[in-house]
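Since the structure comes first, as structure tokens, the remarks are kept for the end.
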Amino acid sequence: NAGVTQTPKFQVLKTGQSMTLQCAQDMNHNSMYWYRQDPGMGLRLIYYSASEGTTDKGEVPNGYNVSRLNKREFSLRLESAAPSQTSVYFCASSPIGAANYGYTFGSGTRLTVV
Amino acid sequence: AQTVTQSQPEMSVQEAETVTLSCTYDTSESNYYLFWYKQPPSRQMILVIRQEAYKQQNATENRFSVNFQKAAKSFSLKISDSQLGDTAMYFCAFMKQGAQKLVFGQGTRLTINP
């Protein structure tokens with residue numbers, strides 16, 4: 001099925017461990033995004049990539065890095081996980097010039113840092 | 001910076017009733033887009049309805065409609081003939097024209113009771 005695929009769906013990390021969240025879309029979208037969802041705070045933008053080869057910080061980028069590997073893939077890396085990074089992470093994508101029609105979201109990754 | 005506020009953390013209604021979810025936003029922009037997303041227990045983010053600020057006519061999608069008050073910076077969602085499947089978290093979101101970033105509200109958890 002066409003859409004945005006995130007892996008893994010669930011992950012438990014120990015404080016200080018590193019991991020990469022993977023995201024791939026097969027809709028030929030140019031723009032991709034990473035959000036985190038926390039109770040009472042909605043979704044907040046971590047990083048986004050307007051097009052292949054570019055990345056920009058969002059509202060809450062500290063503690064994260066991203067890589068736009070190619071047009072399809074946009075990964076999010078936690079170098080040294082902290083309990084404050086316990087959250088649900090969403091990847092999303094949108095076609096060029098049409099983000100104002102809304103994003104297509106992945107199904108999310110629930111990350112727990114202990 | 002734009003902000004989106006949903007002042008109702010939780011709401012609960014009986015099946016078949018009509019329910020209205022509130023959303024206010026703060027912006028100095030004159031052209032922008034507003035969205036309502038639904039997040040059922042499956043965690044998937046689903047676009048419910050979209051409004052273009054330059055259109056005075058309120059958007060409707062089947063049982064879902066909005067009341068867009070540009071001067072008051074208000075964008076409420078009305079769900080008519082509510083169904084059990086409407087039980088979800090609902091997020092209001094804002095995007096200014098020419099931008100790609102969605103700014104989300106805190107969310108309202110809606111429960112439809114049988």
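The values are calculated or read from the model by the stated rules, or taken from the named source; none is laboratory data. Computed from a predicted model, the values in this text were never measured in an experiment. Backbone-built Cβ (ideal geometry, glycine too); neighbour counts: all protein chains shown.
A few notes on this one:
- Verdict on A:G97 being within 14 Å of chain B (Cβ to nearest Cβ) and at positive phi: yes
- Qualifying residue in the stretch A:99-106 (condition: part of a loop (DSSP other than H, G, I, E, B) and under 11 Å from the mean Cα position of the chain (by Cα)): yes
- Evaluating B:T60 against the criteria (1) within 14 Å of another protein chain (Cβ to nearest Cβ); (2) free of Cβ contacts under 8 Å to residues at least 60 places away in the same chain leaves one unmet condition, (1).
- Matching entry among B:S22, B:S30 (being more than 12 Å from chain A (Cβ to nearest Cβ) and more than 12 Å from the chain's Cα centre (by Cα)): B:S30
- Strands (runs of 3 or more DSSP E) lying entirely in the stretch A:1-75 (those with 3 or more residues that are within 14 Å of chain B (Cβ to nearest Cβ), within 23 Å of B:S42 (Cα to Cα) and touching a residue at least 60 places away in the same chain (Cβ under 8 Å)): A:4-7, A:31-38
- Unmet requirement for A:T86, which otherwise passes all of (1) β-branched (V, I, T); (2) away from every other protein chain (no Cβ under 14 Å); (3) touching a residue at least 40 places away in the same chain (Cβ under 8 Å): (3)
- Residues that are farther than 25 Å from B:T5 by Cβ, aromatic (F, W, Y) and in contact (Cβ under 8 Å) with a residue 40 or more places away in the chain are absent from the stretch A:102-112 altogether.
- Of all residues in the stretch A:45-76, those satisfying the criterion of being within 24 Å of A:T15 (Cα to Cα) and of a type outside the set (A, V, I, L, M, F, W, C) are A:Y47, A:K57, A:G58, A:E59, A:P61, A:N62, A:G63, A:Y64, A:N65, A:S67, A:S75.
- Residues of the stretch B:34-43 that turn out to be facing another protein chain (nearest Cβ under 10 Å) and at pLDDT below 95, as a count: 2
- Each residue in the stretch A:56-93 was checked for being among the hydroxyl-bearing types (S, T, Y) and loosely packed, with under 14 Cβ neighbours inside 10 Å, and 2 pass.
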